[in-house]
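Down below is the structure, laid out as structure tokens.
The values are calculated or read from the model by the stated rules, or taken from the named source; none is laboratory data. A quick note: this is a predicted structure, and the numbers were derived from the prediction, not measured. Virtual Cβ from ideal backbone geometry, glycine too; neighbours counted across all protein chains shown.
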Amino acid sequence: NGAVRVNMSNVDSPLQIFVRAKKKINDIFVEIDDYVKDAVTFMHAVTGENGIATPQDLANVEAYVSKVQAIREVLKRDHMKVAFFGRTSNGKSTVINAMLHDKILPSGIGHTTNCFLQVEGSDNDEAFLRTDGSEEKLNVQSVSQLGHALCASRLQECSLVHVYWPRELCALLRDDVVLVDSPGVDVTPNLDEWIDKYCLDADVFVLVANAESTLMVTEKNFFHKVSTKISQPNIFILNNRWDASASEPEYLDQVRTQHANRCVDFLSRELRVCSPKEAEERIFFISAKEALLTRMREREKPVSSPILAEGHQVRYFEFVDFERKFEECISKSAVRTKFAQHSRRGKNIAAEVMAALEVVYNTATDQKAAKVEKQRVLHEQLSAIEDQLTTITRQMKDKINRMVESVEHKVSLTLSQ
Ligand code: GTP
Ligand code: MG
């Protein structure tokens, strides 16, 4: 079907930082699960009539089973999320398609993307769509209707469509990256709602700017809002449509410097999300259209083949460079935000179950000590009785002796008379 498998051995990818950490923490939670279940078995054995633990103690420990289960469910589904924003037609959908190596999302001139489209790997390797809140699997072709502003069946702009795409066709999806496409920030007044719904759990934001013009106030305002709600968001800026510079080579360097300065200034001085030095590493000059075309050709997909403009290879390398820096950033950030909290929680659960077992252990020890004490007291009482008996016996003996002596005395007196 023309689908070429991507190289499966991506052990060098920075995304592996996340993939390995995820595997490790999932394995640890399997162990915590076993430990908690063992504790429950033990508690069952020591609860009941004459038992050391109360039914409440047992219930307390049993509650951890579902807690651990819930965390394991979340961990299994944990992913890295990147959201793309920018003005209409800057090329957000094209950038995502280029990263996915295929034309999956609708793109085109005019206002195209009409709602939020979230691309994620499908577990059973089939391609399908699902609107948020519904379980119905829709044909993947319908993305061009549901998500397209020009179609009658289009959804509301703040609604979400999940696009499931076979993991084996894309390295990003296989390694649990989820990509969110959005309508242009200039087509809606509801930016706050967007941020609350789709941005709060994003690990990385990509601002797709138009290198043919410059950063716009609407784009800046959007990220100002984002940075009031999220502390230190990770933001990349793609100056897209940089192929346009090929037709004006005499100003190329100056325009690039102008864009770069404004972007650095925006990230470091306006938003204060990073230092100027770090900001330089977050800004790229690319052509998503060329990158997508190059990749479609690599995969022998039928594409119209315009001649690429001068410098396309350099722009393509910069796109690849962006992807690598992005992968590094997103995987480190996701590990920090998603797993740090869970590993703390796992540690606490282990400690709390241990404490519950210790209470039972202490009760058992106390009961044993009480028994020993009871025996000691009994023993003392017995000794006292024994002592009394000895005394009494001795007194009796004396008394008898005296009686015998007195009888003997009387007898001898009688005899001598
Ligand atoms: P909306 O969904 O409407 O907000 O737009 P978008 O930001 O998703 O842009 P889209 O990817 O749909 O691209 C808009 C048009 O620009 C399409 O016709 C693309 O082919 C074209 N385009 C995208 N990237 C580039 C680029 O780097 N260079 C050139 N020359 N055209 C591009
Ligand atoms: Mg779009």
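Being modelled with pLDDT of 85 or more and in contact with an Asp or Glu (Cβ under 8 Å, 6 or more places away or on another chain), is that true of even one residue in the range 141-158? No; the residues of the range 141-158 include none that is modelled with pLDDT of 85 or more and in contact with an Asp or Glu (Cβ under 8 Å, 6 or more places away or on another chain). Considering the conditions (1) surrounded by 13 or more Cβ atoms within 10 Å (Cβ to Cβ); (2) without any contact (Cβ under 8 Å) to a residue 12 or more places away in the chain; (3) not small (Gly, Ala, Ser), residue 50 is excluded by exactly one of them, (1). The residues of the range 70-101 that are surrounded by 22 or more Cβ atoms within 10 Å (Cβ to Cβ) and within 11 Å of ligand 2 (Cβ to nearest atom), listed by number, are 84, 85, 86, 90, 91, 92, 93, 94, 95, 96, 97.
Of the residues making up the range 358-383, those that are among the hydroxyl-bearing types (Ser, Thr, Tyr) and either closer than 10 Å to residue 52 by Cβ or within 41 Å of the chain's Cα centre (by Cα) (or both) are 361, 363, 365. Listed by first and then second residue, the pairs with beta-carbon distance under 9 Å, at least 6 apart or on different chains, first residue in the range 367-389 and under 24 Å from residue 46 (Cα atoms), second surrounded by 10 or more Cβ atoms within 10 Å (Cβ to Cβ), are 367/52. If only residues of the range 54-82 that are farther than 11 Å from residue 29 by Cβ and free of Cβ contacts under 8 Å to residues at least 12 places away in the same chain are counted, the one that is farthest from the chain's Cα centre (by Cα) is 54.
Can you pull out the residues in the range 327-342 that are at pLDDT below 90 and either among the polar types (S, T, N, Q) or farther than 30 Å from residue 234 by Cβ (or both)? Those that are at pLDDT below 90 and either among the polar types (S, T, N, Q) or farther than 30 Å from residue 234 by Cβ (or both): 337, 341. Looking only at the range 357-396, residues that are of a type in the set (Gly, Ala, Ser) and at pLDDT below 90 come to 1 in all.
Filtering the range 296-313 to residues that are surrounded by fewer than 12 Cβ atoms within 10 Å (Cβ to Cβ) and modelled with pLDDT of 90 or more leaves only 313. Pairing each residue of the range 188-208 that is over 13 Å from residue 221 (Cα atoms) with any residue that is in a loop (DSSP other than H, G, I, E, B) and at pLDDT 85 or above, provided the two are 6+ apart or on different chains, yields C-beta distances under 6 Å for 204/234; 205/233; 208/86; 208/90; 208/91.
With respect to residue 136, determine if the residue is at pLDDT 90 or above and either away from ligand 1 (no atom under 16 Å from the Cβ) or of a type in the set (Lys, Arg) (or both). Before the answer, list the steps.
Working: at pLDDT 90 or above: no; either away from ligand 1 (no atom under 16 Å from the Cβ) or of a type in the set (Lys, Arg) (or both): yes.
Taking the combined requirement at face value, the residue does not satisfy it.
Taking helices (runs of 4 or more DSSP H) as the structural unit, those lying wholly within the range 269-346 and holding at least 3 residues that are within 16 Å of ligand 1 (Cβ to nearest atom) correspond to 288-298, 312-334.
Pick from 89, 107: which is within 16 Å of ligand 1 (Cβ to nearest atom), at pLDDT below 90 and of a type in the set (Gly, Ala, Ser)? One residue alone meets the criteria, 107. Among the residues making up the range 76-86, those that are hydrophobic (A, V, I, L, M, F, W, C) and more than 12 Å from ligand 1 (Cβ to nearest atom) are 80, 82, 83. Please determine whether any residue of the range 266-275 is of a type outside the set (A, V, I, L, M, F, W, C), within 30 Å of the chain's Cα centre (by Cα), surrounded by fewer than 22 Cβ atoms within 10 Å (Cβ to Cβ) and under 23 Å from residue 80 (Cβ atoms). Within the range 266-275, not a single residue is of a type outside the set (A, V, I, L, M, F, W, C), within 30 Å of the chain's Cα centre (by Cα), surrounded by fewer than 22 Cβ atoms within 10 Å (Cβ to Cβ) and under 23 Å from residue 80 (Cβ atoms).
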